[in-house]
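Q: Handing you this structure, nothing more for now.
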């Protein structure tokens, strides 16, 4: 008897466009949570929410790295045809294990003063309860906004801010949970210390 092969039902064109629009909303409104669950549910594997983002963001002209899950890197390479690279050179870094955060943030490219957009985007698995109050400010935020984050979010933003990038350099952070909820913290948004 042959094993049943399950096929993804994620539409590479239409579903990717919808996820991309949600990403734009998240990056334009850093304190706003959006959900990609509807699209992640169309994918199979250990981390379908990460695969939905990979389908949307990656192609054969960008590179990626995965910190924490070899199976995810194999799935991403197979589905997107994007090339895998080191965290120092990758355009997108998928972090599935919070223990890998410090290494990923430290290694991520931060762009140059001339080309700050040539920085990396870290896509971080956001697990845990949102119990840590964080005050953030920057572009897209009127004044200062308080969000409730997880320990993972707090650690990632603190690690990024500790890098002391020269303006306008930095790295973008995208946090996604297993249930498909995500929000972004663009490179110029900072955590306010009171």
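Q: Which residues, taken from the range 151-167, are out of contact with any helix residue (DSSP H, G or I) (no Cβ under 9 Å at 6 or more places or on another chain) and within 25 Å of residue 98 (Cβ to Cβ)? Before the answer, list the steps.
A: Residues of the range 151-167 that are out of contact with any helix residue (DSSP H, G or I) (no Cβ under 9 Å at 6 or more places or on another chain), as a first pass: 153-154, 157-158, 161, 164-167.
Matches in the range 151-167: 153, 154, 157, 158, 161, 164, 165.
Q: Here's something else I'd like to know. Among the listed residues 82, 63, 119, 127, which satisfies the condition of being in contact (Cβ under 8 Å) with a residue 24 or more places away in the chain and closer than 18 Å to residue 30 by Cβ? Spell out the reasoning first.
A: Values: 82 fails: closer than 18 Å to residue 30 by Cβ; 63 fails: closer than 18 Å to residue 30 by Cβ; 127 fails: closer than 18 Å to residue 30 by Cβ.
119 is the lone residue from the list that is in contact (Cβ under 8 Å) with a residue 24 or more places away in the chain and closer than 18 Å to residue 30 by Cβ.
Q: Still on this structure, I have one more. Need at least 2 residues that are surrounded by fewer than 20 Cβ atoms within 10 Å (Cβ to Cβ) and in contact with a strand residue (DSSP E or B) (Cβ under 7 Å, 6 or more places away or on another chain) per element, so show me which strands (runs of 3 or more DSSP E) inside the range 76-185 make the cut, counting only ones lying wholly within it.
A: Working: elements: 92-95, 121-125, 132-137, 144-149, 172-176, 181-185.
It comes to 132-137, 144-149.
Q: Of all residues in the range 10-32, which are in a loop (DSSP other than H, G, I, E, B) and surrounded by 13 or more Cβ atoms within 10 Å (Cβ to Cβ)? Lay out the reasoning, then the answer.
A: Pass one, the range 10-32, residues in a loop (DSSP other than H, G, I, E, B): 10-13, 29-32.
The answer is 10, 11, 29, 30, 31, 32.
Q: Please list, ordered by first then second residue, the pairs with beta carbon atoms under 8 Å, 6 or more apart or interchain, first in the range 130-156 and at positive phi and modelled with pLDDT under 90, second surrounded by fewer than 19 Cβ atoms within 10 Å (Cβ to Cβ) and part of a loop (DSSP other than H, G, I, E, B).
A: Final answer for the pair search is 138/188; 140/29.
Q: Residue 66: modelled with pLDDT of 95 or more, crowded, with 18+ Cβ neighbours inside 10 Å, touching a helix residue (DSSP H, G or I) at 6+ places or on another chain (Cβ under 6 Å) and not in a helix (DSSP H, G or I), yes or no? Let's see the steps before the verdict.
A: Values: modelled with pLDDT of 95 or more: yes; crowded, with 18+ Cβ neighbours inside 10 Å: yes; touching a helix residue (DSSP H, G or I) at 6+ places or on another chain (Cβ under 6 Å): yes; not in a helix (DSSP H, G or I): yes.
The answer is yes for residue 66.
Q: Just wondering, is there one or more residues in the range 38-53 that are closer than 30 Å to residue 143 by Cβ and surrounded by 13 or more Cβ atoms within 10 Å (Cβ to Cβ)?
A: Taking the range 38-53 first, the residues closer than 30 Å to residue 143 by Cβ are 53.
From what's left, surrounded by 13 or more Cβ atoms within 10 Å (Cβ to Cβ): 53.
Yes: one or more hits.
The values are calculated or read from the model by the stated rules, or taken from the named source; none is laboratory data. All figures in this text were calculated on a predicted structure; none of them were measured in a lab. Cβ sites come from the backbone with ideal geometry, for glycine too, and all protein chains shown count toward neighbours.
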